[in-house]
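Notes for the one structure printed next.
The values are calculated or read from the model by the stated rules, or taken from the named source; none is laboratory data. For clarity, every value in this text was computed on a predicted model and none was experimentally measured. Methodologically, a virtual Cβ is constructed for each residue, glycine included, from the backbone with ideal geometry; neighbour enumeration extends over all protein chains shown. Ligands, DNA and RNA are stripped out before the accessible areas are found, and what is left, the full protein with its side chains, is counted by its heavy atoms. Shrake-Rupley method; radii C 1.70, N 1.55, O 1.52, S 1.80 Å.
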Amino acid sequence: MPFGEESKSLYRTAGSKKLLQGLEQMTSVHASGIVYGPNGVGKSYLLGQFLRALNPKSYLSIVLSHSSLAGSGLLRMLAHLLGKVPRFRREDTITTLAAAFEEMKPLWPVIILEEAQNLGADALEEFRLLSLYNNQSTQAPFSFILIGDEALLPKLMLKINAPVITRLGYGFKVFPLSYDECKGYLQSRLEEVSIFCEPFEPAVIDMLIEASGGVARMLNHLAARSLQAAAMDNQERISGAHFEQALESMPWLSRTGTTS
């Protein structure tokens, strides 16, 4: 089925190329930073592409997606992901993590924290302190990347998170697709499932782009629902009526392309 959740190949735009190149450069110098942008623009997907491209002989990637955890819970989850048994006492868990980082050498850990805008100040501070466990060196034992929506940057700018900001060396924003990029994206998603004709009427393409606001996830959902509506109608061409049915099945979208 076209426009599924997982694409076989990355649709490369000038923005995605710049982001991936920037992440590669920053990680090569062991810097930490943030990647942020609206929900659904493909932040996690792009980070997944980046992690898959990392040399497994040089890097070890760890993804933490439980952003509702408090500081101690975050440390315990990290220990589990590293194949270690977390200890009852916080200080013992930190010791276990420190030993794990030493065992990884020469691999360099790259830790991804998903939905980082939901992390509490205690969790962020706990994570910062973990990066300072080796007081014999100013170099952290790992790089970390905070991924979040547009609320992430304002949250980090709060005074309580000032110590975390000092550990960050870069910030990349992911933007929605432009009009031309949306058209290219739709074509690429069709071609990856061997559909080389144009099933959408020209006006429908404009409707899809406007309603989605250039957000790839919304574009996928609307295009898939429009295709399904046409299939139920036993039609090969997707008309405005089919798009309207798709839009009605997603009532949280307004007719102007913004989420309510």
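Each principal axis of the Cα cloud of region 134-260 was taken in turn, and the coordinate range along them, longest first, works out to 69, 32, 24 Å.
Debye-formula intensities of region 1-125, expressed as log10 I(q)/I(0) at q = 0.18 Å⁻¹, are -1.11 (one equal scatterer per alpha-carbon, no solvent).
Each Lys and Arg adds +1 at its Cβ and each Asp and Glu adds -1 at its Cβ; summed about the Cα centre, the chain shows a dipole of about 1000 debye. Taking all protein chains into account, the per residue accessible area for region 16-95 stands at 53 Å² (1.4 Å probe). In this model, which of LYS8/LYS159; LYS57/LYS173; LYS159/LYS183; LYS8/LYS57; LYS8/LYS155; LYS43/LYS105 are farther than 32 Å apart at the alpha-carbon? LYS8/LYS159; LYS159/LYS183; LYS8/LYS155, as the Cα separations exceed 32 Å there.
Counting every C-alpha pair in the chain, the share spaced more than 36 angstrom apart comes to 26%.
For region 5-51, the share of accessible area belonging to carbon and sulfur comes to 49 percent (1.4 Å probe, ligands and nucleic acids excluded). All Cα-Cα separations within region 130-203 were binned at 10 Å from zero, giving a P(r) of 14, 28, 19, 17, 16, 6, 1, each value a whole percent of the pairs.
In region 91-173, the portion of solvent-accessible area held by carbon and sulfur atoms comes to 57 percent [1.4 Å probe, whole percent, DNA, RNA and ligands not counted]. Seen against the Cα atoms of the chain and their longest principal axis, helix 216-232 is set at about 40 degrees.
For the chain, what proportion of DSSP beta bridges, expressed in % and rounded to the nearest 5, is antiparallel? Intermediate results must be reported in sequence, preceding the final value.
Working: 1 of 20 bridges.
DSSP beta bridges in the chain are roughly 5 percent antiparallel.
The long axis of helix 90-104 is offset from the longest Cα principal axis of the chain by roughly 80 degrees. Per residue, the average separation of C-alpha pairs within less than 8 Å and at least 6 apart gives the chain a relative contact order of 25 percent.
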